[in-house]
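Just so it is clear, none of the values below were taken in a lab; they were calculated from the coordinates. If you're wondering where the values come from, they're calculated on a predicted model, not measured in any experiment. No Cβ is skipped: glycine too gets one built from the backbone with ideal geometry, and neighbour counts run over all protein chains shown.
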Amino acid sequence: MKKQYILLLIFAVFVLSSAIPLDKDSSYKLSGNGTKVFVVDHDYQADIKVFVCDYDYQADLKVYKVKSDYQANDDGKWYFTDYDYQADKKIFFTDYDYQADLKIFFVDYDYQAGWNNKSKMHLLY
């Protein structure tokens, strides 16, 4: 009987520990599939309206364009798809920052990608 309680306790600890985020940003992580986007022609077709900033400090997110979908991640590495059904999100590029839901800046290296304003992360869910 005591052995059953110990096994039950070990199981409960295992289940609870897997449900607790290990770092402060874990609750913000997407499914792990990365961010695959498709650019639409009109704003009403988009899930998110995006403005491209001139400087990285103006952006909510610094984006690095990856060459393959498996390289995309939730922290600014985007893969641009050829078809809308392949994408996680459809985006429209606006002409002005005030028209956008999300402001981005394209970076030259993958290690530069990431969030400046994590309050906007929900837009990519």
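For Ser119, the conditions (1) surrounded by fewer than 18 Cβ atoms within 10 Å (Cβ to Cβ); (2) touching a Gly at 6+ places or on another chain (Cβ under 8 Å) are fulfilled apart from (2). Which of the residues that make up segment 82-106 are surrounded by fewer than 19 Cβ atoms within 10 Å (Cβ to Cβ) and in a loop (DSSP other than H, G, I, E, B)? Correct list: Asp82, Tyr83, Thr94, Asp95, Tyr96, Asp101. The set of residues in segment 82-101 that are under 13 Å from the mean Cα position of the chain (by Cα) and acidic (Asp, Glu) contains only Asp88. Residues of segment 75-109 that are of a type in the set (Asp, Glu), within 22 Å of Gln45 (Cα to Cα) and touching a Leu at 6+ places or on another chain (Cβ under 9 Å): Asp88, Asp101.
If you filter segment 68-81 down to residues that are part of a loop (DSSP other than H, G, I, E, B) and in contact (Cβ under 8 Å) with a residue 12 or more places away in the chain, you find that the one that is farthest from the chain's Cα centre (by Cα) is Thr81.
If the condition is being surrounded by 15 or more Cβ atoms within 10 Å (Cβ to Cβ) and more than 17 Å from the chain's Cα centre (by Cα), then segment 34-51 contributes only Val40.
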